[in-house]
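The values are calculated or read from the model by the stated rules, or taken from the named source; none is laboratory data. The structure presented is a predicted model; accordingly, all values stated were derived computationally and were not measured. For neighbour counting, all protein chains shown are included, and Cβ atoms are generated from backbone atoms with ideal geometry for every residue, glycine included. What goes into the accessible areas is simple: the full protein's heavy atoms, side chains included, and nothing from ligands, DNA or RNA. Shrake-Rupley method; radii C 1.70, N 1.55, O 1.52, S 1.80 Å.
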Amino acid sequence: MASLVLGIESSCDETGVALVKSAGQGVPQLLAHALHTQMAMHADYGGVVPELASRDHIRRVLPLTRQVLQQADEVLENVDVVAYTRGPGLAGALLVGAGVACALAAALGKPVLGVHHLEGHLLSPFLSADPPEFPFIALLVSGGHTQLMQVDGVGHYRLLGETIDDAAGEAFDKSAKLLGLGYPGGPALARLAEFGDPTTYKLPRPLLHSGDLDFSFAGLKTAVLTQAKKFEGTPCDQARADLAASTQAAIVEVLMKKSIKALDQTGLKRLVVAGGVGANAALREQLNAACTKRGVRVHYPELELCTDNGAMIALAAAMRIDAKVEAPQARYAFDVKPR
Ligand code: KG4
Ligand code: ZN
């Protein structure tokens, strides 16, 4: 039976709302999605200010919902399930999405479903023009997580390895800060790196030869700090670009080699890359090259769905329901799971 799922994402600094239509089998169809990023608002503070984030989600979520319904030429009354991000994320920010989702659902008399943010990222490539097939290896690289998973189907995830300290996105963001770049640092560092020589500085590749599939990026940040301090006064633009390029090369090499190791270990022939860092062009280039050599297909979400969005939340909810992994509930005492 066809059903309409409204999805709300509010875990960090992006308010995302989307509507997907599920036919009960196959990949649900994205009808419309809308996003408001708070990036400019937090830029002055050099990072996300949780209280400001929550307040802005409150301002944005209903107008975005209206916009999505209009785009899809739908009315709220036709929505069958309301999905929201249950976590992980900022507690106050999550509560806004959960509260609004449950209030809408209660008013409509429809069920709700709380979704794990990372499952949203993980399944987001299914909305691309080149969707993957199960099973696959997933490299999840966001601001808060770096994980390698074996994905056998919806709800069937096996953690193969993860970071023991900083996430890859955090390594990008913190290094960018040390280079005097604005927030968010990842894209800014990647832009500067285009003008630099990645072989200039020898930066560590922690755990590259550890034999397991875990990651560690805290030491890299320290090495970048040590190098940045050696620049006398204000480093010339070329030195900064070289350090940016060397930093990016170190992060990308570790992510690429561990992904290949996970593919080799499991014998799987498909790789899915998801999360904000998946937008990084150097990472895509290296993964594509290494995977092509091994006859492995790489799948990415559409660029606009790499970072946080409502589409992945509506999609994950619809896929969980279709796969009968979880049924939505007509209980509106909502909870969130920040961690
Ligand atoms: O998935 P995401 O939007 O939010 C989280 O759930 O964390 O990921 C955000 C992270 C940030 O650390 C950001 O700097 C990084 O993704 N990022 C990038 C790029 N675009 C976003 N890092 C490197 N290169 C990029 N092009
Ligand atoms: Zn995310």
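Contact annotation: residue pairs with Cβ atoms under 7 Å, 6 or more positions apart or on different chains, pairing a residue in region 1-28 that is open to solvent by less than 30 Å² (accessible area, probe 1.4 Å) with a partner that is of a type in the set (D, E, K, R) and part of a strand (DSSP E or B), are Leu4/Lys21; Gly16/Glu9; Pro28/Lys21.
State all residues of region 172-201 that are away from ligand 2 (no atom under 16 Å from the Cβ) and not in a helix (DSSP H, G or I); if no residue qualifies, say none. Write out each step before concluding.
Residues of region 172-201 away from ligand 2 (no atom under 16 Å from the Cβ): 174-182, 188-201.
Listed by number, the residues that qualify are Leu179, Gly180, Leu181, Gly182, Glu194, Phe195, Gly196, Asp197, Pro198, Thr199, Thr200, Tyr201.
Candidates in region 259-282 are the residues that are more than 16 Å from ligand 2 (Cβ to nearest atom) and farther than 20 Å from Val151 by Cα; of these, the one that is farthest from the chain's Cα centre (by Cα) is Ala282.
Every residue, every condition in (1) farther than 28 Å from Asp166 by Cβ; (2) open to solvent by less than 60 Å² (accessible area, probe 1.4 Å); (3) within 15 Å of ligand 1 (Cβ to nearest atom); (4) modelled with pLDDT of 95 or more, yes or no:
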{"position": "Leu263", "(1), (2), (3), (4)": "no, yes, no, yes"}
{"position": "Thr266", "(1), (2), (3), (4)": "no, yes, no, yes"}
{"position": "Gly275", "(1), (2), (3), (4)": "no, yes, yes, no"}
{"position": "Ala281", "(1), (2), (3), (4)": "no, no, yes, yes"}
{"position": "Glu302", "(1), (2), (3), (4)": "no, no, yes, no"}
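No other residue among Asp308, Asp335 is of a type in the set (Asp, Glu), outside any helix (DSSP H, G or I) and within 14 Å of ligand 1 (Cβ to nearest atom) apart from Asp308. Scan region 169-191 and give yes if some residue there is modelled with pLDDT of 95 or more, closer than 27 Å to Asp152 by Cα and open to solvent by 10 Å² or more (accessible area, probe 1.4 Å), otherwise no. So far as region 169-191 goes, no, none of its residues is modelled with pLDDT of 95 or more, closer than 27 Å to Asp152 by Cα and open to solvent by 10 Å² or more (accessible area, probe 1.4 Å). What do you reckon, is His42 modelled with pLDDT under 95 and within 20 Å of the chain's Cα centre (by Cα)? Yes. If a residue counts only when it is of a type in the set (Phe, Trp, Tyr), which strands (runs of 3 or more DSSP E) contained entirely in region 101-165 have at least 1 such residues? Once the strands (runs of 3 or more DSSP E) in region 101-165 are filtered for at least 1 residues that are of a type in the set (Phe, Trp, Tyr), what remains is 136-141, 156-162. Screening Leu315, Leu243 for residues that are part of a helix (DSSP H, G or I), in contact with a strand residue (DSSP E or B) (Cβ under 7 Å, 6 or more places away or on another chain) and surrounded by 23 or more Cβ atoms within 10 Å (Cβ to Cβ) leaves exactly one candidate, Leu315.
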